[in-house]
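Right, one structure below, let's go through it.
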Amino acid sequence: MKKASFFIVLAAIMFAGVFAKAQCIEIFVSPHGDNTAAGTATAPVQTLQRARDLVREMKQTKNCADTILIKVLPGTYELKTPLEFTPAYGGSAAAPVVYEGPADGKAIISGGFTIKGFQKAGDGLWVA
């Protein structure tokens with residue numbers, strides 16, 4: 001009887017491991033956030049660059065084996081410099097890094113900028 005109980009418990013542990021849901025670490029980004037914040041739902045970071053850097057830090061300091069989900073909240077993200085990704089910022093098949101846009105609203109990533117101060121220069125030309 002003890003042997004049968006042992007195998008039942010062993011089988012239960014094995015199946016629990018197979019059906020267990022993978023852990024997920026979430027990092028929140030908002031154009032109204034603060035890059036000194038923790039990146040939580042109530043204290044999001046402001047830039048995609050900071051969210052990307054948090055991924056790298058987590059991978060270096062926590063030996064992270066969980067999915068990392070970067071939740072990009074609605075708004076416009078104006079890039080002042082190129083947003084670069086290298087393997088240091090990436091995940092793996094077992095622990096991917098996922099960037100997810102909002103279910104409601106839009107997240108716009110813009111590398112453009114507004115040029116102001118145009119003045120007519122003559123002959124149909126404008127100078128800024």
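Every read-out reported here was derived from the displayed coordinates using simple, explicitly stated rules and does not represent laboratory data. A quick note: this is a predicted structure, and the numbers were derived from the prediction, not measured. Neighbour counts run over all protein chains shown; Cβ positions are idealised from the backbone, glycine included.
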*Which loop chymotrypsin sites (Phe, Trp or Tyr not before Pro) in the range 30-128, with loop taken from DSSP, have no more than 10 other Cβ atoms within 10 angstrom of their Cβ?*
F113, F118
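Could you calculate the FRET efficiency of H32 with A93 from 1/(1 + (r/R0)^6), where r is the beta carbon distance between them and R0 is 25 Å, rounded to 0.05? Numbers along the way, then the final one.
Working: r = 34 Å, r/R0 = 1.37.
That gives a FRET efficiency of 0.15.
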*Counting only residues 5 or more places away or on other chains, whose amide H sits under 5 Å from the amide H of Y77 once H atoms are built in the peptide plane?*
I108, I109, S110
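By count of other Cβ within 10 Å, fewest leading, how are T36, T67 ordered?
Details: T36 9, T67 18.
In order of increasing Cβ crowding within 10 Å: T36, T67.
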*Quick one: I115, I27, fewest Cβ neighbours within 10 Å first, how do they rank?*
I115, I27
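Which of the trypsin sites (Lys or Arg not before Pro) found in the range 75-124 are loop residues per DSSP with 16 or fewer other Cβ atoms within 10 Å of their Cβ? Working shown, then result.
On the way: sites: K80, K106, K116, K120; in loops: K80, K106, K116.
Passing sites in the range 75-124 are K80, K106, K116.
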